[in-house]
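The values are calculated or read from the model by the stated rules, or taken from the named source; none is laboratory data. As the structure is a prediction and not an experimental result, all values here were calculated from the model. Every residue, glycine among them, receives a Cβ derived from its backbone with ideal geometry; neighbour counts consider all protein chains shown.
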Amino acid sequence: MMQIVRHSEQTLRTALISKNPKLVSQYEKLDVREQRLMNEAFQPASELFGPITLHSRSDWITSHPEAPQDFEEFFSDPYRKTPSPERRSIYIQSIGALGNTRVISEEYIKWLKGYCEAFFYGLTVKLLDPVSVSATRCSFRVNDHTQNLQIHAGHILKFLKKKKPEDAFCVVGITMIDLYPRDSWNFVFGQASLTDGVGIFSFARYGKDFYTSRYEGKVKKLQRKSSDDYSIFDNYYIPEITSVLLLRSCKTLTHEIGHIFGLRHCQWLACLMQGSNHLEEADRRPLNLCPICLRKLQCAIGFSIVERYKVMERVQQDWAAVVRLCVPPAF
Ligand SMILES: [Zn+2]
Ligand SMILES: [Zn+2]
């Protein structure tokens, strides 16, 4: 089953520009080149933006019907968060080791920082000093099915909220340890609190071996001397940072921070903000925003679309160099 979600030219035009005279005139104030780019959203033969394709019934749109959000709905959402002049920093907090050596961890997080800085052009991305799992005082467990270590997502969010600096628009935690939201749940890829502007995302399942029998992160039994004994995390398995893991983590981070800005799942065009129900669907999602979501982000941050594209292009050129440094993907 392969299905294409194609909207009419008129629907896409309204979703992007809206019919509200104030928003129309705001759109017309954009640079002519910017408008030409954005108008590609409703050119049926556009080479830049295409329709969403659904590959199975388990894909997001089919299994999670939600109301679409056009630009006007985003614009008039009273609850969405906008960076204020005093709060224009995105903080990244790593929890536990990210790579197998300190150098790999540092290179990896520096890359994520640079990527986010280009994507959210106009905001500053800062790194908080890495912390160990024990520093968060979170609960943890061994998953009964997958036998890997998991940490409690809600406890991490509480920790991040307490640490949130004055100038932070948001703080996002990243970890290579799998997450669970509550005892009865199997796992989550991530969790965020939009009101607190904090999120935690795990890349544990993005490694090449997580879903294979060769997966080395299995733990036999949870043995600990006391409730504050976190020694099991000391030399715990970390997936290899391949180019695929890097790509997946860049996509996840920018998608999730997009939610913190109040962008909802995109149902207009193939777009980074499309929802995803499983890894294969997340991999299919493009790295870039469609014009409708780009206008939302532009409205929240206030960057020049042309300038942002220039910086993004530079980062994507560096990408080639980084991919050469990474272990080649095995699949
Ligand atoms: Zn999402
Ligand atoms: Zn979109």
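Go through the range 253-282 and report how many residues are within 12 Å of ligand 2 (Cβ to nearest atom) and either over 10 Å from the mean Cα position of the chain (by Cα) or closer than 21 Å to His55 by Cβ (or both).
Number of matching residues: 14.
Of (1) in contact with a Lys or Arg (Cβ under 9 Å, 6 or more places away or on another chain); (2) of a type in the set (Ser, Thr, Tyr); (3) assigned to a strand (DSSP E or B), Tyr27 satisfies all except one. Which?
(3)
Tell me, which residue of the range 253-284 that is near ligand 1 (Cβ under 9 Å from one of its atoms) and of a type in the set (Gly, Ala, Ser) is farthest from Phe74 (Cα to Cα)?
Ser276
Looking at Ile174, Ile151, Ile156 in this structure, which one is part of a helix (DSSP H, G or I) and modelled with pLDDT of 95 or more? Walk me through how you get there before you give the answer.
Working: Ile174 fails: part of a helix (DSSP H, G or I); Ile151 fails: part of a helix (DSSP H, G or I).
On inspection, the qualifying residue turns out to be Ile156.
For the range 283-309, give me each residue that is more than 15 Å from ligand 2 (Cβ to nearest atom) and part of a helix (DSSP H, G or I).
Taking the range 283-309 as the starting set, the residues that turn out to be more than 15 Å from ligand 2 (Cβ to nearest atom) are 283, 301-304, 306-309.
Asp283, Ile301, Val306, Glu307, Arg308, Tyr309, listed by residue number.
Kindly indicate the residue of the range 30-53 that is assigned to a helix (DSSP H, G or I) and without any contact (Cβ under 8 Å) to a residue 40 or more places away in the chain and also nearest to Ala270 (Cα to Cα) among those meeting that condition.
The residue in question is Phe42.
Please verify whether the range 26-40 includes one or more residues that are over 18 Å from Leu263 (Cβ atoms), surrounded by 13 or more Cβ atoms within 10 Å (Cβ to Cβ) and β-branched (Val, Ile, Thr).
no
Has the range 94-108 got at least one residue that is part of a loop (DSSP other than H, G, I, E, B), out of contact with any Leu (no Cβ under 6 Å at 6 or more places or on another chain) and basic (Lys, Arg)?
First, the residues of the range 94-108 that are part of a loop (DSSP other than H, G, I, E, B): 96-101.
Then drop every residue that is not out of contact with any Leu (no Cβ under 6 Å at 6 or more places or on another chain), which leaves 96-101.
Then keep just the ones that are basic (Lys, Arg); that gives none.
Within the range 94-108 (the criterion being part of a loop (DSSP other than H, G, I, E, B), out of contact with any Leu (no Cβ under 6 Å at 6 or more places or on another chain) and basic (Lys, Arg)), the answer is no, since none of the residues qualifies.
Only one of these is farther than 16 Å from Lys296 by Cβ, under 26 Å from the mean Cα position of the chain (by Cα) and surrounded by 12 or more Cβ atoms within 10 Å (Cβ to Cβ): Pro51, Pro68. Name it.
Working: Pro68 fails: farther than 16 Å from Lys296 by Cβ.
Criteria check complete, one pass: Pro51.
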